[in-house]
Amino acid sequence: VTVQGGNTGLVGGGVPAAGSDTVLLSLTRLDEREPVDVAARQVTVGAGVRLSALQQHAGAAGLDFGVDLAARDSATVGGLVATNAGGIRVLRHGSMREQVAGAEAVLADGTVISRLTGLPKDNTGYDLTQLLAGSEGTLAVITRLRLRLVGVPAQRAVALVAVESTAAAISLIGRVRDELPDLQAAELFYRAGLDLVREQTGVPEPFTEPAPAYLVLECAGRTDPTDVMLEVLGSADGVLDATVAGDLAGQRRLWAYRESHTEAINAAGVPVKLDVSIPMGGLDAFVAEVPGAIAAAAPKARLILFGHVNEGNLHVNVLDAVDEGEEVTDAVLQVVARYGGSISSEHGIGRAKVPWLHLSRSPAELAAMRAIKNALDPAGLLNPGVLLPDD
Ligand SMILES: Cc1cc2nc3c(=O)[nH]c(=O)nc-3n(C[C@H](O)[C@H](O)[C@H](O)COP(=O)(O)OP(=O)(O)OC[C@H]3O[C@@H](n4cnc5c(N)ncnc54)[C@H](O)[C@@H]3O)c2cc1C
């Protein structure tokens with residue numbers, strides 16, 4: 001049985017293996033949304049509810065949902081939990097597992113487990129709900145979720161900042177986090193990505209002089225953060241230029257430089273897509289080393305890097321390397337492992353990354369994961385070949 005939500009996953013976990021006689025189980029009709037529990041700031045919804053529908057539902061009650069990502073109109077909450085999705089607001093609210101207060105799920109033998117009361121304190125043994133976060137459909141079919149909601153900030157400001165290097169971006173994040181407690185997002189991209197976005201979408205050069213790297217910063221709170229942002233950016237080391245937008249149209253315009261990356265890359269060719277995270281102390285050195293590793297595997301490749309810099313999460317997109325996809329993947333993930341990073345920061349393992357899972361998980365961890373899988377799904381019915389290698 002292959003479990004599928006919105007089928008927006010980027011590692012093939014919700015897609016049956018070619019030639020297999022798998023049953024595809026779509027959860028998209030489980031789209032019931034119960035009334036928002038405003039006092040608890042929680043809501044119970046079916047696993048097939050789309051992220052944008054959840055956001056609208058929460059919004060109608062004056063609240064919001066802590067996770068947001070560009071696949072919001074298709075991705076389901078069941079899929080988001082099963083992949084422990086991240087996105088642009090992890091810095092502020094954490095990833096998907098932090099939003100989950102309870103779940104109902106069906107085990108491989110048909111048993112239903114249900115913990116939907118959403119108690120904030122509940123130390124009564126193993127946390128089965130959290131076990132399902134990141135399980136990629138291999139342990140159970142999630143059918144309903146009890147989700148935490150967050151408040152809607154009254155004021156918001158977005159900055160686009162040109163910086164002289166990755167090191168300057170990292171040090172700016174440290175300073176901004178200290179001085180702007182309402183920081184919501186910090187996204188990094190580089191000159192090569194901006195050139196491609198400009199080429200594909202026609203957006204103008206943001207500043208008079210080109211810069212090696214750029215950050216999009218978003219702050220939101222009860223009071224207007226614009227002045228504090230301008231003050232911090234005006235006095236920070238390594239900042240070459242900056243612009244801040246307080247109005248919605250201006251904010252969208254600045255966000256587009258970062259959010260158009262995926263679309264621009266896909267329009268330019270078929271990329272090798274990797275999603276890695278590196279401990280913050282090694283991020284700068286990793287960014288310097290990875291182009292050489294890619295060039296050795298695929299001399300004509302074009303590298304576009306961008307990502308969620310506060311978590312050391314970089315999306316490594318490599319164009320013009322379709323024929324050398326496996327070599328490029330291996331080269332980059334070996335470097336990631338050497339830096340003590342993760343071979344999958346937020347997209348999961350699915351089918352695509354199974355051969356490299358051992359680079360991020362020890363034999364002891366893999367054995368423990370296998371033992372959990374065997375205990376809950378002894379016949380291996382759920383998502384065979386996904387996350388863990390076949391026995
Ligand atoms: C344009 C775009 C932008 C994206 N941006 C981000 C981003 O910023 N951050 C990020 O983390 N991801 C991102 N993604 C990846 C994707 O949106 C997430 O992985 C999302 O969580 C997948 O949800 P889905 O409903 O589409 O799941 P699917 O793709 O259908 O399935 C994903 C996995 O979850 C399992 N699954 C699905 N539903 C259930 C269920 N009810 N019970 C048990 N298992 C289930 C599947 O078997 C599969 O292993 C992006 C994707 C796209 C296309």
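Here, each number is a calculation from the coordinates, and none is a lab measurement. This is a predicted model, so every value here is computed, not measured. Cβ: placed from backbone, ideal geometry, glycine included. Neighbour counts: every protein chain shown.
In summary, no lysines lie within cross-link reach of Lys121, defined as a Cα separation below 25 angstrom excluding same-chain residues under 8 places away. Spin-label model, Glu32 to Ala288: label points 7 Å out along the Cα-to-beta-carbon direction sit 5.8 nm apart.
Compute, for segment 127-176, the length of the dipole vector about the Cα centre, with Cβ point charges of +1 (Lys, Arg) and -1 (Asp, Glu) only. Units Debye, rounded to 20. Don't jump to the answer; show the numbers that get you there.
Numbers: 5 positive and 3 negative charges, 59 e Å.
Magnitude of the dipole: close to 280 debye.
Could you compute the FRET efficiency for Asp247 and Val270, with r as their C-beta to C-beta distance and R0 at 51 Å, rounded to 0.05?
That pair, Asp247 with Val270, gives E of 0.85.
Evaluated with a Cβ-only charge set (Lys, Arg +1; Asp, Glu -1), segment 269-355 carries a dipole of roughly 80 debye about its Cα centre, given to the nearest 20. For segment 343-356, backbone phi angles converted through the Karplus equation (6.51, -1.76, 1.60; θ = phi - 60°) give residue-by-residue couplings of 6, 9, 6, 9, 8, x, 9, x, 8, 5, 9, 3, x, 10 Hz, Gly and Pro being listed as x.
Projecting the Cα atoms of Ala17, Leu366, Val3 onto the dipole axis of the chain, where Lys and Arg carry +1 and Asp and Glu carry -1 at the beta carbon, places Val3 farthest toward the positive end. For Val150, nonlocal amide neighbours, meaning residues 5 or more places apart or on other chains whose placed amide H falls under 5 Å from its own, are Asp64, Phe65, Gly66. Under 5 Å between amide hydrogens, built in the peptide plane, is the criterion, and for Thr28 it picks out nothing among residues at least 5 positions away or on other chains. Principal axis analysis of the Cα atoms in the chain yields extents of 63, 54, 36 Å, listed in decreasing size.
Which percent, to the nearest 5, of DSSP beta bridges fully inside the chain are antiparallel?
Close to 95 percent.
By the beta-carbon count within 10 Å of each Cβ, the least crowded to most crowded order of Lys353, Lys273, Lys300, fewest first, is Lys300, Lys273, Lys353. Modelled label positions at Ser114 and Arg370, each set 7 Å beyond Cα in the direction of Cβ, lie 3.6 nm from each other. Each of Ala249, Thr262, Ala70 was scored by the projection of its Cα onto the charge dipole of the chain, and the greatest displacement toward the positive side belongs to Ala70; charges sit on the C-beta of Lys, Arg, Asp and Glu. Counting only lysines at least 8 places from Lys353 when in the same chain, those with an alpha carbon closer than 28 Å to its own are Lys273, Lys300, Lys373.
Ratio to report: Rg/Rh of segment 1-110, with Cα atoms as the point set and Rh obtained by the Kirkwood method; give two decimals. Please report the intermediate quantities before stating the final value.
Working: Rg = 14.5 Å, Rh = 14.7 Å.
On the Cα set of segment 1-110, Rg over Rh gives 0.98.
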